[in-house]
Structures are given as structure tokens and as C-alpha cells.
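K.L.:
The structure is given below, and queries will be raised subsequently.
The values are calculated or read from the model by the stated rules, or taken from the named source; none is laboratory data. These figures come from a predicted structure and were not determined experimentally. Surface accessibility is based on the protein's heavy atoms, side chains included, excluding ligands, DNA and RNA. Shrake-Rupley method; radii C 1.70, N 1.55, O 1.52, S 1.80 Å.
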Amino acid sequence: MRALIVIGAGPAGLATAGVARRMGVEPLLIDKAPTVGGAWTRMRPEMMTLSPRRFDRMPDGSAPVGSGERAVAAEVLEWLRAYAEREQFTFRPNTTVTQLEVNESGLVLQTSAERLTAAAVVAASGEHGRPWVPSLQGTFDGMQVHSSLLDTETVPSGAKVL
């Protein structure tokens, strides 16, 4: 059983994996795409970010390299790929999660490639402030809420959250 599975290898998934590792938890990253980078792999290289580059950080403190106050998509994608390369996360590309269940073993994910069990699962989904909670078949009856909408004061101690 894995301690943590992170679904999504864009900026949020990579940052989640990095923070988990720094907390002593070894993550497994899964993404339906063939590479890390999320939406940044589909943007025009010259597209400029909305936030100043000084606010774009990964858990290791790195930021997109380049000149100017704001990074362009090509710089962001290079930064994300370099971060993933430095961290050497276990990564399953081209893998879709189709089902999530809870049983006595933990959280069980059925993917397009294999069945995996974990103590915790984070779905790092959505793009650019557009929350998206995936609809998965299965028997999971815990909380399902996007992190942007989560009120941590309302989460019961020991609750499982997706």
C-alpha cells in the first residue's frame, strides 16, 4: 500500500507531492497525460502568466527562470519539468483513474493500467482557479470538495477527504 497517491501532475499535483515528501510521505503521481506540466503543456509558449514570477514557487523554493516580472508559458513548463526531474517522483503517465473505493485495505484506485491502494489520495484537478471534483465510480462516501472551497474547521478529526 502506498501512503499517498496524487492524481494530476500539473503545478498543484507537483507541489502536493513535494510538500508530502518534505513531510516524510513518499507520493505516487498519476496523470492521464504523457508528461508532467498539466495545462502548461497545451498553452502557447509566449503566453504570459497572471501572477508575478516571484509568487510562483515550488516547495523547494524554485521559480520559473527568465527575465521580466511575469513568466511565459514556456518558462513555466520548463520549470515544472525541471522540478519533477530534480525530485524524481514515481510517476505513472498515460494513466486514467476510473474508480475509487474504500475497503479494509484503504483507498483503492482502479486505473487504466493497474489497481492501487493508498492511505490517502489527492485529486489535483482543475485549471486556473476553476475547481473540478472528478466523478469516479465506487463506494467512497467521504467528503469530496475542492481545496479552494474547503473549510478546514468543518472537517471532523480523522475524516477522509477527496
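K.L.:
Stretch D60-R81 to full length: gain in nm at 0.36 nm per residue minus the Cα-Cα span?
P.N.:
On the way: separation 21, 0.36 × 21 = 7.56 nm, distance 1.37 nm.
Residue separation times 0.36 nm, minus the Cα-Cα distance, leaves 6.2 nm.
K.L.:
Compute the accessible area per residue over region 16-100, keeping the other protein chains in place, probe 1.4 Å, unit Å².
P.N.:
Values: 4680 Å² over 85 residues.
Value returned for region 16-100: 55 Å² of accessible area per residue.
K.L.:
Now for a separate question. Roughly speaking, what is the stretch gain from Q88 to M43, that is 0.36 nm per residue apart minus the C-alpha to C-alpha distance, in nm to one decimal? Each step should come with its number before you reach the end.
P.N.:
Values: separation 45, 0.36 × 45 = 16.20 nm, distance 2.45 nm.
Net length gain for the segment: 13.8 nm.
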